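Structure first, then comments.
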Amino acid sequence: VQLVESGGGLVQAGGSLRLSCAASGVIFSIRYMAWYRQAPGKERELVAGITSGGTTNYADSIKGRFTISRDNAKNTVYLQMNSLRPDDTGVYYCSAGGRWGSRDYWGQGTQVTVSS
């Protein structure tokens, strides 16, 4: 399974970005996809996840601001990020796995920088 993220960039506080993660390869076993992020000097943390059936989970810090969704026909997961804050800055990674919460595969990451 290969995961390719896109959509990162530089945005001012209060702005929006939409990240995309396209999956390819042997994807029939993928049941759960998620977005993680890693800020400089910090551990990688879960941002949001979604199952193939559409069940979602979110980190408390982004609830109400970010929305995860998926297009099964395109094998793509999205992360709509609104009301961005400087502490949302980091490298955002897409992950995929065969069961809830699993992270069997990772993308290369996309940088998100929010300026104050």
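Restricting attention to the stretch 7-24, which residues are farther than 15 Å from Arg70 by Cβ and open to solvent by 40 Å² or more (accessible area, probe 1.4 Å)?
Those that are farther than 15 Å from Arg70 by Cβ and open to solvent by 40 Å² or more (accessible area, probe 1.4 Å): Leu10, Gln12, Ala13, Gly14, Ser16.
Name the residues in the stretch 73-116 that are open to solvent by 30 Å² or more (accessible area, probe 1.4 Å), more than 23 Å from Gly54 (Cβ to Cβ) and of a type outside the set (S, T, N, Q), would you?
Result: Arg85, Pro86, Asp87, Val91.
Please verify whether Ser69 is surrounded by fewer than 19 Cβ atoms within 10 Å (Cβ to Cβ) and under 11 Å from the mean Cα position of the chain (by Cα), treating the condition exactly as stated.
Yes; evaluated as a whole, the condition is true for this residue.
Can you tell me which of (1) touching a Gly at 6+ places or on another chain (Cβ under 6 Å); (2) modelled with pLDDT of 95 or more is the one Val1 doesn't meet?
Unmet for Val1, out of (1) touching a Gly at 6+ places or on another chain (Cβ under 6 Å); (2) modelled with pLDDT of 95 or more: (2).
For the stretch 77-104, what are the residues that are of a type in the set (Ser, Thr, Tyr) and at pLDDT 95 or above?
Those that are of a type in the set (Ser, Thr, Tyr) and at pLDDT 95 or above: Tyr78, Ser83, Thr89, Tyr92, Tyr93, Ser95.
Can you tell me which of (1) touching a Lys or Arg at 6+ places or on another chain (Cβ under 6 Å); (2) modelled with pLDDT of 95 or more; (3) of a type outside the set (Val, Ile, Thr); (4) farther than 11 Å from Tyr93 by Cα is the one Ser52 doesn't meet?
Looking at each condition in turn, Ser52 falls short on (2).
For the stretch 87-103, check the following and say yes or no: at least one residue is aliphatic (A, V, I, L, M) and part of a loop (DSSP other than H, G, I, E, B).
Checked the stretch 87-103: no residue is aliphatic (A, V, I, L, M) and part of a loop (DSSP other than H, G, I, E, B).
Only one residue in Ile30, Ile68 is hydrophobic (A, V, I, L, M, F, W, C) and either farther than 18 Å from Val112 by Cα or not in a strand (DSSP E or B) (or both). Which one?
Ile30
Please go through the stretch 56-66 and pick out each residue that is of a type outside the set (Asp, Glu) and either more than 14 Å from the chain's Cα centre (by Cα) or surrounded by fewer than 17 Cβ atoms within 10 Å (Cβ to Cβ) (or both).
Thr56, Asn57, Ala59, Ser61, Lys63, Gly64, Arg65, listed by residue number.
Can you name every residue in the stretch 33-47 that is assigned to a loop (DSSP other than H, G, I, E, B) and of a type in the set (A, V, I, L, M)?
Listed by number, the list holds a single entry, Ala39.
The values are calculated or read from the model by the stated rules, or taken from the named source; none is laboratory data. As the structure is a computational prediction, the values presented were derived from the model and not from experiment. Neighbour counts run over all protein chains shown; Cβ positions are idealised from the backbone, glycine included. Keep in mind that these areas ignore ligands, DNA and RNA; they rest on the heavy atoms of the full protein, side chains included. Shrake-Rupley method; radii C 1.70, N 1.55, O 1.52, S 1.80 Å.
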